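Undergrad: This is the structure I have questions about; it appears just below.
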């Protein structure tokens with residue numbers, strides 16, 4: 001099974017979102033932090049399922065340039081990219097292998113459908129937590145008009161436009177019960 005699948009229309013579906021500079025979004029935003037965690041990766045996976053498990057099938061995963069997500073593919077002195085899997089650290093190898101096995105082209109930009117969250121989350125979170133991937137992909141629910149990202153410190157940032165959004169209200173209610181929520 002391919003972990004990720006390319007979409008016919010890969011564009012980020014929320015026209016109101018600024019995906020280039022998240023801090024410049026005019027939408028509402030909350031940061032949701034893990035409570036004292038000894039295993040950030042697994043605790044972020046639990047956070048994902050606690051908050052988004054019942055809508056995970058509606059989520060798309062967006063990255064501006066999928067193959068350039070890991071720092072190990074970039075030769076900073078020559079400003080070139082090398083996607084040779086064998087020469088990369090383990091976290092990057094796992095990530096690049098996942099992309100290759102999913103048939104994601106090296107120049108692909110945009111949204112993907114996740115077909116295997118239990119495979120995808122550990123791979124991408126390992127890259128984010130280790131610093132191999134300095135930026136998280138964006139996870140977007142077009143129907144309920146919100147998106148979120150993971151942060152290496154053990155948090156997620158969630159952006160939404162409408163306080164009255166029932167799905168977001170339920171997510172935030174759970175977050176306030178289980179985690180530390182900050183504006």
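Undergrad: Return a yes/no flag: does the stretch 109-130 have any residue that is in contact with a helix residue (DSSP H, G or I) (Cβ under 6 Å, 6 or more places away or on another chain), farther than 21 Å from residue 54 by Cβ and surrounded by 21 or more Cβ atoms within 10 Å (Cβ to Cβ).
TA: Yes, the stretch 109-130 has at least one match.
Undergrad: Just the residues that are modelled with pLDDT of 95 or more and either in contact with a strand residue (DSSP E or B) (Cβ under 6 Å, 6 or more places away or on another chain) or surrounded by 15 or more Cβ atoms within 10 Å (Cβ to Cβ) (or both), please, taken from the stretch 141-153.
TA: Listed by number, the residues that qualify are 141, 144, 145, 146, 147, 148, 149, 150, 151.
Undergrad: When the residues of the stretch 159-183 are narrowed to those that are within 12 Å of residue 141 (Cβ to Cβ) and touching a helix residue (DSSP H, G or I) at 6+ places or on another chain (Cβ under 7 Å), which ends up surrounded by the fewest Cβ atoms within 10 Å (Cβ to Cβ)?
TA: Ranking the candidates gives 167 first.
Undergrad: OK, next. Any residue that is modelled with pLDDT of 95 or more, within 20 Å of residue 18 (Cβ to Cβ) and touching a strand residue (DSSP E or B) at 6+ places or on another chain (Cβ under 6 Å) - is there at least one of those in the stretch 113-124? Break it down into steps so the answer makes sense when it comes.
TA: Quick first cut of the stretch 113-124, residues modelled with pLDDT of 95 or more only: 113-124.
Cutting the leftovers down to within 20 Å of residue 18 (Cβ to Cβ) gives us none.
The answer is no, given that none of the residues of the stretch 113-124 is modelled with pLDDT of 95 or more, within 20 Å of residue 18 (Cβ to Cβ) and touching a strand residue (DSSP E or B) at 6+ places or on another chain (Cβ under 6 Å).
Undergrad: Is it the case that some residue within the stretch 48-59 is closer than 23 Å to residue 182 by Cα, surrounded by fewer than 19 Cβ atoms within 10 Å (Cβ to Cβ) and modelled with pLDDT under 95?
TA: Checked the stretch 48-59: no residue is closer than 23 Å to residue 182 by Cα, surrounded by fewer than 19 Cβ atoms within 10 Å (Cβ to Cβ) and modelled with pLDDT under 95.
Undergrad: What residue, among those in the stretch 65-104 that are out of contact with any strand residue (DSSP E or B) (no Cβ under 8 Å at 6 or more places or on another chain) and within 21 Å of residue 19 (Cβ to Cβ), is surrounded by the most Cβ atoms within 10 Å (Cβ to Cβ)?
TA: Residue satisfying both the conditions and the ranking: 95.
Undergrad: If you check residue 138 against the conditions, is it within 30 Å of residue 166 (Cβ to Cβ), surrounded by 15 or more Cβ atoms within 10 Å (Cβ to Cβ) and under 15 Å from the mean Cα position of the chain (by Cα)? Working first, answer last.
TA: Values: within 30 Å of residue 166 (Cβ to Cβ): yes; surrounded by 15 or more Cβ atoms within 10 Å (Cβ to Cβ): yes; under 15 Å from the mean Cα position of the chain (by Cα): yes.
Spelling it out, residue 138 is indeed within 30 Å of residue 166 (Cβ to Cβ), surrounded by 15 or more Cβ atoms within 10 Å (Cβ to Cβ) and under 15 Å from the mean Cα position of the chain (by Cα).
The values are calculated or read from the model by the stated rules, or taken from the named source; none is laboratory data. For clarity, every value in this text was computed on a predicted model and none was experimentally measured. Virtual Cβ from ideal backbone geometry, glycine too; neighbours counted across all protein chains shown.
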